[in-house]
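One structure below.
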Amino acid sequence: MRAMILDRPGTPLRMADLRVPAAARGTLLIEVEACGVCRTDLHLIDGELPNPVLPVIPGHEIVGRIAAIGAGVTGFLVGERVGVPWLGWTCGECEFCIDGRENLCDAARFTGYQINGGYAEYTVADARYCFPLPDVGDAALLAPLLCAGLIGYRALRMAGAARRIGIYGFGAAAHIVAQVLKFQGREFDAFTRPGDLASQAFARGLGAAWAGGSDRQAPQPLDAALIFAPAGALVPTALCHVNKGGCVICAGIHMSDIPAFPYDILWGERSIRSVANLTRRDGLEFLDLAPRVPIRSEVQRFPLAQANAALGQLRRGEFQGAAVLSMEH
């Protein structure tokens with residue numbers, strides 16, 4: 001099988017021809033149809049995530065069909081379409097797992113980081129962390145749901161009943177959560193890189209009440225802010241736009257340092273929270289919600305061999321929505 005491999009941070013992915021892996025006990029062998037290209041992959045390649053298992057095949061927004069089923073697995077059929085997310089394994093025994101907060105498990109392993117992922121024609125995944133997906137439709141449109149959608153959904157849950165929400169960084173996750181907000185009848189403002197008129201127009205097309213640069217003042221106070229951009233300087237900026245009692249939610253796995261800020265912009269029972277990974281409950285809830293919205297992903301397609309080009313365009317913000325690698329079998 002063909003696969004794109006990261007040998008060490010700071011280097012491009014290399015194409016390799018590998019043996020198709022076998023489905024070990026408790027796992028599924030999946031023939032990959034599509035795999036989303038996520039900003040987390042950039043953090044991995046840039047060496048901003050600690051303790052990767054190298055060499056590794058990146059990719060954690062995987063859509064594919066089951067090619068083989070390992071011993072001990074029930075509830076799946078060969079040929080069935082499944083999705084594989086970022087969270088790839090947890091211990092099931094620690095206090096976090098027992099308490100339903102498996103996303104915080106200290107022993108957790110993650111797809112495309114400590115477990116080979118979906119930048120390949122085949123992958124193996126723990127069956128317990130695979131989600132059934134619709135059997136029909138375009139796999140590339142489903143792929144962004146497996147991380148951009150799931151993390152956006154978890155961030156939105158943290159916002160509670162907030163009625164007006166600011167979204168900072170209008171990329172893959174934001175364009176999905178925007179559709180959920182519109183479905184729920186809530187208002188949102190979109191904050192983009194200053195001068196990024198294309199992203200602002202994209203946000204308005206998805207229902208933004210207002211869209212402008214992150215250097216602009218919000219037109220009215222926000223009940224909550226979701227930060228998808230990996231820029232710590234946006235935290236105090238968002239705090240200044242959030243009303244008393246509101247929450248600023250940092251939704252990325254990595255963010256640059258948050259600068260010092262005066263206490264008075266936090267005072268008034270404002271809060272700052274972070275999103276860490278996802279739970280299987282998040283996945284089941286969101287994938288049940290997605291067709292009812294219905295969510296339509298905006299995707300830029302690339303063949304597997306052009307994974308480095310896709311990552312480069314993502315880094316430079318050269319497209320709207322999400323990048324997806326589509327496999328040709």
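The values are calculated or read from the model by the stated rules, or taken from the named source; none is laboratory data. Values in this document were obtained by computation on a predicted structure and should not be read as measured data. Every residue, glycine among them, receives a Cβ derived from its backbone with ideal geometry; neighbour counts consider all protein chains shown.
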Filter region 312-329 down to residues that are among the small types (Gly, Ala, Ser) and modelled with pLDDT of 95 or more and give me whichever is surrounded by the fewest Cβ atoms within 10 Å (Cβ to Cβ).
-> GLY312
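When region 300-320 is examined, which residues are found to be assigned to a loop (DSSP other than H, G, I, E, B) and aliphatic (A, V, I, L, M)? Steps first, answer last, please.
Here is the first cut: in region 300-320, the ones assigned to a loop (DSSP other than H, G, I, E, B) are 317-320.
Listed by number, the list is empty, since nothing qualifies.
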Only one of GLY64, GLY36, GLY47 is among the small types (Gly, Ala, Ser) and at positive phi; which?
-> GLY47
Hey, among the residues in region 265-311 that are of a type outside the set (Ser, Thr, Tyr) and touching an Asp or Glu at 6+ places or on another chain (Cβ under 8 Å), which one's surrounded by the fewest Cβ atoms within 10 Å (Cβ to Cβ)?
-> PRO303
When every residue in region 132-160 that is assigned to a helix (DSSP H, G or I) and not aliphatic (A, V, I, L, M) is compared, the one surrounded by the most Cβ atoms within 10 Å (Cβ to Cβ) is GLY149
Selection from region 52-81 of residues among the small types (Gly, Ala, Ser), free of Cβ contacts under 8 Å to residues at least 40 places away in the same chain and touching a Phe, Trp or Tyr at 6+ places or on another chain (Cβ under 8 Å) yields none
Going through region 7-37 in order, the residues found to be assigned to a loop (DSSP other than H, G, I, E, B) and in contact with a Ser or Thr (Cβ under 8 Å, 6 or more places away or on another chain) are PRO21
List every residue pair whose Cβ atoms sit under 6 Å apart, with the two residues 6 or more apart in sequence or on different chains, where the first one lies in region 240-258 and is closer than 21 Å to ILE151 by Cα and the second, anywhere, is surrounded by 22 or more Cβ atoms within 10 Å (Cβ to Cβ) and of a type in the set (S, T, N, Q).
-> ILE253/THR40
Kindly establish whether LEU304 is out of contact with any helix residue (DSSP H, G or I) (no Cβ under 6 Å at 6 or more places or on another chain), aliphatic (A, V, I, L, M) and either within 21 Å of ALA178 (Cα to Cα) or at pLDDT below 95 (or both).
-> no
Region 89-131, residues that are buried (at least 19 other Cβ atoms within 10 Å of the Cβ), touching a strand residue (DSSP E or B) at 6+ places or on another chain (Cβ under 7 Å) and free of Cβ contacts under 8 Å to residues at least 60 places away in the same chain | TRP89, THR111
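Pick out the one residue from GLY245, GLY207, GLY195 that is at positive phi, outside the structural domain of CYS105 (by TED's automatic domain parsing) and not in a loop (DSSP other than H, G, I, E, B).
Numbers: GLY207 fails: not in a loop (DSSP other than H, G, I, E, B); GLY195 fails: not in a loop (DSSP other than H, G, I, E, B).
Of the residues listed, the single one that is at positive phi, outside the structural domain of CYS105 (by TED's automatic domain parsing) and not in a loop (DSSP other than H, G, I, E, B) is GLY245.
Can you say whether ALA229 is in a helix (DSSP H, G or I) and closer than 25 Å to ARG316 by Cα, as far as the supplied structure shows?
When the stated conditions are applied, ALA229 does not pass them.
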